[in-house]
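Remarks on the structure that follows.
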Amino acid sequence: MTEKTLVSIITPSYNQAAFLEQTMKSVLDQDYANIEYLVADGGSTDGSVDIIKRYAKRLAWWVSEKDKGQADAINKGFARAKGEFIAWVNSDDYYEPGAISAAVAALQANPDVGLVFGDVRVVDRDGRILNNLHYGDWTLADLMTFHIIGQPAVFMRRSVLEKAGYLDLKYHFMLDHQLWLRMGIQAGIKYVPQLWAGAHYHEDCKNLSQAAEFGKDAYHIVEWMRATPEFSEKVAWLLPNIQAGAERINAFYLLDAGDYRGSFRSYWRGFLLAPDIILPEWYRMVYACFAPLGLEKLRERRIQARAARLNAAAKE
């Protein structure tokens, strides 16, 4: 690996002062030196701008102005990025030490791939581990059936990004997944089984505060794939699995939002379309069915027990 390769990192920021400094330090304190860091703030009013100013001398570019949302902010960074490799880390996420070096090594070792991705650790507001998300050697077909990659741990080849196009402003919740699909049709993708990033799971994050909206984006992506010539042949033989994958995404987020009936209905529709897509989450489907009978406390205890095991393991 050579550090002559410039890496561009973008952070979209909006009223996440509680996490922003950790995000920025996780980029600036990496062991890979040749980084340009760009921050696009959407006009925060919570002290975020003061944090950005504190590190302004170490930034290649930053701005604080009203924008059209997360995708617009990231696209501003894309348009200014000069690095051969590029990524974005949201203002409530962070990189693990050594993540950028590992990603650069993976991209350099695999010149045929357009993006590489690692694993993601989910933590609560106070940094306690809730879950470790491990992915797999997924292909474009897996992405089409809504196998979801952890966005903070994705690093891209800028040439492939520019060929695919930037983020589509029509998507607000699965904007990253739609981009991975467009890049996946252009070049390969590669999984590296290493922990590269962390993501905060808190009451204000979209996963909780707007959970019901993720399924809508998934359904729109299905229709977009069906209408896009580059995907038409693959969609023809994958359609039941694609539709079941969208139902699984909808069910997953509805369950987290407490819409148990809606979640079960979506899981059931997906099961009827393609059982193999739904069965890996059979336990969530069962929970969605019986949660109204008072299983919430049982699930909370299970989550707390898992978190306790993960945090104990991390301290060893």
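No lab work stands behind these numbers, since they all come straight from the coordinates. Because the structure is predicted, anything quoted here is derived from the model rather than measured. All Cβ positions, glycine included, derive from the backbone under ideal geometry; neighbour counts span all protein chains shown.
Below are the figures for this structure:
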| item | result |
| --- | --- |
| Fewest-first ranking of GLU223, GLU84, using other Cβ atoms within 10 Å as the exposure measure | GLU223, GLU84 |
| nm² value of the averaged projected area, convex hull over the Cα atoms of the chain | 16.1 nm² |
| Antiparallel content of DSSP bridges confined to the chain, in %, to 5 | 35 percent |
| MRE, 222 nm, helices only [DSSP H, n ≥ 4, -39500 (n - 2.57), over the chain, to nearest 500] | -15000 deg cm²/dmol |
| Reachable aspartates and glutamates, given that their alpha-carbon falls under 15 Å from the alpha-carbon of LYS170 and they are not under 8 places away in the same chain | ASP67, ASP72, GLU213, ASP217, GLU223 |
| Whole-angstrom gap from the range 237-275 to the range 166-204, using each part's C-alpha centre | 20 Å |
| Order of SER64, SER263 under a 10 Å beta carbon neighbour criterion, fewest first | SER64, SER263 |
| Angle in degrees between helix 175-184 and the longest Cα principal axis of the chain, rounded to the nearest 10 | 80 degrees |
| Order of ASP137, ASP41, ASP124, ASP119 - criterion: other Cβ atoms within 10 Å of each residue's Cβ, fewest first | ASP137, ASP124, ASP119, ASP41 |
| Principal-axis tilt of helix 17-28 within the chain, Cα atoms, nearest 10 degrees | 60 degrees |
| Which listed pairs, of LYS4/LYS234; LYS66/LYS216; LYS53/LYS216; LYS163/LYS190; LYS57/LYS190, have C-alpha distances above 30 Å, in listed order | LYS4/LYS234; LYS53/LYS216; LYS57/LYS190 |
